[in-house]
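Just below is one structure, and these are the notes that go with it.
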Amino acid sequence: MSLLTSTIPETVKPSKAALWLCMLGAVLLIVSFPMAFTWAPNVAKMTEVYRILFYKMPLAIIGYLFLVLAAIDAIFYLLARDLKRDVRSDVGVFFGLCCFGTVLGCGMIWAKAEWGSYWLWSEPRLVTTLILFVIYLAYKLLRSSIDEPSKRARFCAVYVLFASPMMIVVNQSVYWWKPAENIDTVHPGAKALPGIFSTYESQITLATAGSALLLLLFGLYLYAVEAIRVRDSARALKSMIDEHVQIIASLKRNAAVEG
């Protein structure tokens, strides 16, 4: 029994900081809805759909943040071989995918309202964001295809580092590849429509929505990291108990034969 209890993994309790981040983020998010959809003024030459940009733009920035965190944790894993870093990198990629998947959806809704089509291959930011999303989606497929933890962590860490420069491509795409002349876009570097966030109402709304999403998603990120650690601890405990049960059963059989 002492051998069993000495190797039981410690249960990781959810962080109170994560709970407070989620609660504060949720409150701010609720507050931001009337601000974004009623208080912020209309913008000339744009439909009411422009209001989703109050959430689309912060989500893109937060998505970059999660993917950068994933790359940093991948580097630390390769240096220290600490599987906790691998877990954090995996969770960072997951939340980055969630952010950019939502960004793509919002972008398609905005494109339909402003350009009359859900998708335009001549818009470089849309296309490169899709490529980024597919690259990191392939990371999840790679991860699910490898069972051995250390090998999976090593391969995935290298993959994340090679995928990271795609963020630069997405960010600079509107500078490197100009969109079609008949497309009015809000992306910097292109033929941007001015005045979207020029009023103080719009700026306060953008700051509120962005802060809400950052706090809420980062709180959920911390919860996810803790939950995966608990899950892995439970799996390790189950495996250890099964091993001890098999040893005890084997000893009993040997004793019965000798008796």
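The values are calculated or read from the model by the stated rules, or taken from the named source; none is laboratory data. Just so it is clear, the model here is predicted, and its values are computed rather than measured. For neighbour counting, all protein chains shown are included, and Cβ atoms are generated from backbone atoms with ideal geometry for every residue, glycine included.
Mind checking whether some residue in region 115-133 is over 30 Å from Val49 (Cβ atoms) and aromatic (Phe, Trp, Tyr)?
No: region 115-133 contains no residue that is over 30 Å from Val49 (Cβ atoms) and aromatic (Phe, Trp, Tyr).
Out of curiosity, is Tyr55 closer than 21 Å to Leu220 by Cα and either of a type in the set (D, E, K, R) or in contact (Cβ under 8 Å) with a residue 40 or more places away in the chain (or both)?
Criteria met by Tyr55.
What residue, among those in region 35-71 that are basic (Lys, Arg) and buried (at least 16 other Cβ atoms within 10 Å of the Cβ), is nearest to the chain's Cα centre (by Cα)?
In this case the residue turns out to be Lys56.
Counting only residues that are in a loop (DSSP other than H, G, I, E, B) and either touching a residue at least 40 places away in the same chain (Cβ under 8 Å) or β-branched (Val, Ile, Thr) (or both), how many does region 125-164 have?
Result for region 125-164: 2.
Looking only at region 144-160, count every residue that is exposed (fewer than 15 other Cβ atoms within 10 Å of the Cβ) and within 16 Å of the chain's Cα centre (by Cα) and tell me the total.
0
Just wondering, is there one or more residues in region 99-122 that are farther than 23 Å from Leu206 by Cβ, at pLDDT 95 or above and of a type outside the set (Asp, Glu)?
Checked against the condition, which is being farther than 23 Å from Leu206 by Cβ, at pLDDT 95 or above and of a type outside the set (Asp, Glu), region 99-122 yields no hits at all.
Based on this model, can you work out whether Ala74 counts as assigned to a helix (DSSP H, G or I) and either modelled with pLDDT under 95 or surrounded by 13 or more Cβ atoms within 10 Å (Cβ to Cβ) (or both)?
Yes: the conditions hold for Ala74.
Inspect all residues belonging to region 106-122 and state whether any of them is surrounded by fewer than 18 Cβ atoms within 10 Å (Cβ to Cβ), touching a residue at least 24 places away in the same chain (Cβ under 8 Å) and of a type in the set (S, T, N, Q).
yes
With Phe33, Phe66, Phe37, Phe76 as the choices, which residue is within 20 Å of Ile228 (Cβ to Cβ), free of Cβ contacts under 8 Å to residues at least 40 places away in the same chain and either hydrophobic (A, V, I, L, M, F, W, C) or out of contact with any helix residue (DSSP H, G or I) (no Cβ under 9 Å at 6 or more places or on another chain) (or both)?
Phe76
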